[in-house]
1. Take the Cβ-Cβ distance between A:D127 and A:T190 as r, set R0 to 51 Å, and report the resulting FRET efficiency rounded to the nearest 0.05.
2. Compute the distance from the alpha-carbon center of the stretch A:268-295 to that of the stretch A:186-209, in whole Å.
3. Taking amide hydrogens as modeled 1.01 Å from N in the peptide plane, which residues meet the under 5 Å criterion relative to A:I42, leaving out close sequence neighbours?
4. Based on the alpha-carbon gyration tensor of chain A, what equivalent-ellipsoid semi-axes (square roots of 5 times the eigenvalues) come out, in whole Å, largest first?
5. Shielding by partners for B:139-148, please: the mean number of other protein chain Cβ atoms within 10 Å of each residue's Cβ.
6. Counting alpha carbon pairs within less than 8 Å and at least 6 residues apart, what relative contact order, in whole percent, applies to chain A?
7. Give me P(r) over the stretch A:210-304, computed from all C-alpha to C-alpha distances, binned every 10 Å, as integer percentages.
8. By how many degrees, between 0 and 90 and to the nearest 10, does the Cα long axis of helix A:264-275 differ from the longest principal axis of chain A?
Amino acid sequence: MHHSYWRLRLLSACAALAILCCPPCHAQAAADGSVPAQIVQITPDVVSPRPFGYVLGDVVTQHIALEHEGESLDLPEMPALERTGNWFERRDARIEHDAAGQRWLALDYQVINVPEELRAIELPALDLATTREGRRIVTQAQPLTVAPITPTVVLARAGLEEMRPDAPAPHIATAPLERRLHGALYLAGTLIALWLALAALRQWQARRRLPFSRAAIEMRRLERGSLPVWRRLHRALDETAGQVVRGHDLASLLLHAPWLKPMEGELKQFFDASQTRFFADRPTEGVEPVTLCSRAARLERRALA
Amino acid sequence: MKLRSLGSLLASVIVICLLYAAWEAYRLSQARDFNRLVDSAVDAAATQSSPEAEFARAMSLAARNDYEGAVRAYKDLSRHSSGALLQSVLYNLGNLHLREALQYGPESIGKSLPLAELSKGSYRELLRINPEHWDAKYNLERALRLAPEREEVASEAPPLPQNSERAVTTMKAFTLGLP
């Protein structure tokens with residue numbers, strides 16, 4: 001029994017010694033200046049979302065002013081995007097500016113859990129560090145009412161079964177394909193019209209510019225088989241060759257205008273007939289300058305127009 | 001000569017346009033064929049090759065009760081799809097897990113709970129993309145009724161299975177400090 005009292009006394013003495021030692025230790029810490037600076041809690045303006053009528057999946061946005069009594073507040077980092085308690089998940093945190101230029105911290109929360117019946121749950125309170133040491137932004141929790149959208153007991157009536165059915169296999173969207181197809185066809189059609197207009201312009205220019213084409217037009221006004229018709233064809237041949245051409249110069253003409261090669265025989269025949277027509281003053285058989293000129297004009301336009 | 005060059009250039013562009021139109025017409029025809037197959041039978045559509053056909057394949061596997069095959073197909077598809085298709089993939093994947101969980105029901109909570117958690121994950125991922133997906137909201141709520149996340153549960157320990165030993169005095173291998 002004596003031993004027990006002795007131990008009890010020893011324990012009491014140790015406890016008393018410990019109590020006596022504690023205050024000087026605190027005093028020493030204060031003297032060293034190791035006690036943290038006083039923390040100032042700032043409660044800026046908070047624009048809270050509508051406090052009622054939410055269901056699972058809804059997103060609520062809370063705006064916290066980043067200014068307090070004329071002092072701008074900056075955050076060293078954005079609040080973490082994470083589940084905040086049992087009901088909400090913080091989905092986005094961003095800085096927004098209103099029309100007056102005021103900066104706001106916008107926080108999006110999504111309701112990710114739902115009570116079994118309508119109930120007020122709390123948007124979490126915040127305690128955020130600012131870039132100014134010792135100053136923290138503090139907001140209060142805000143109550144919101146959240147309600148379930150499904151009955152506790154399945155009604156098993158149309159649309160209110162145990163679960164909503166699967167999404168159907170999606171169709172491939174044909175509208176973009178149709179749009180691209182129509183666009184390509186319209187463009188091709190427009191370009192074809194442009195190309196035809198260009199081809200017509202080229203033909204029109206060729207008829208006014210190229211020697212045989214001009215001759216063919218002029219010959220329409222002349223009497224068929226008359227001397228002026230023969231002379232006009234000669235002039236067209238001369239213009240094409242860039243010099244006066246006679247029967248023996250046919251090779252130089254073809255060298256200058258190779259596209260006339262398919263008509264080599266007919267041209268030789270024309271020059272022979274021309275000799276007879278002009279110098280023997282006899283009509284010629286089998287050579288028709290108008291037909292010859294038309295054919296040459298066609299070859300000429302095909303090659304040059 | 002300038003007009004001639006311009007004409008040649010125009011002709012080349014026309015040819016390119018017509019080739020492009022022909023390619024688009026071919027793709028449109030393929031898309032219409034696929035849509036007809038989807039309307040008539042999902043299985044037939046699954047033989048094509050496109051993200052939509054992969055979706056049809058996953059649906060077909062799910063319809064044949066090949067749970068694992070369907071999950072694999074939906075998961076593969078979720079990695080390289082976007083927009084409305086991704087939403088449908090996440091929704092159907094959630095449904096697949098939830099349907100499986102409901103088959104076990106609250107009586108086999110040990111089996112249904114992990115599946116319900118998987119379904120909740122899919123629905124929540126979908127609601128993150130589209131908070132207005134009402135079918136996902138409905139089914140997530142059903143999953144939450146099957147595997148509720150009550151405040152004390154969320155803040156402390158994982159939920160206990162129903163009918164499990166809750167009182168420490170009746171648990172095996174637990175003593176109250178007696179020798």
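Every number in this text was worked out from the coordinates using simple rules, so none of it is lab data. Quick caveat, the model's predicted, so the values are computed rather than measured. Neighbour counts run over all protein chains shown; Cβ positions are idealised from the backbone, glycine included.
1. E(calc), rounded to 0.05, equals 0.20.
2. Here the two parts' Cα centres lie 36 Å apart.
3. Amide H to amide H, under 5 Å and 5 or more residues apart or across chains, A:I42 pairs with A:R136, A:I137, A:V138.
4. The equivalent ellipsoid of chain A has semi-axes of 110, 30, 20 Å.
5. 5
6. 13 percent
7. 17, 55, 26, 1
8. The answer is roughly 40 degrees.
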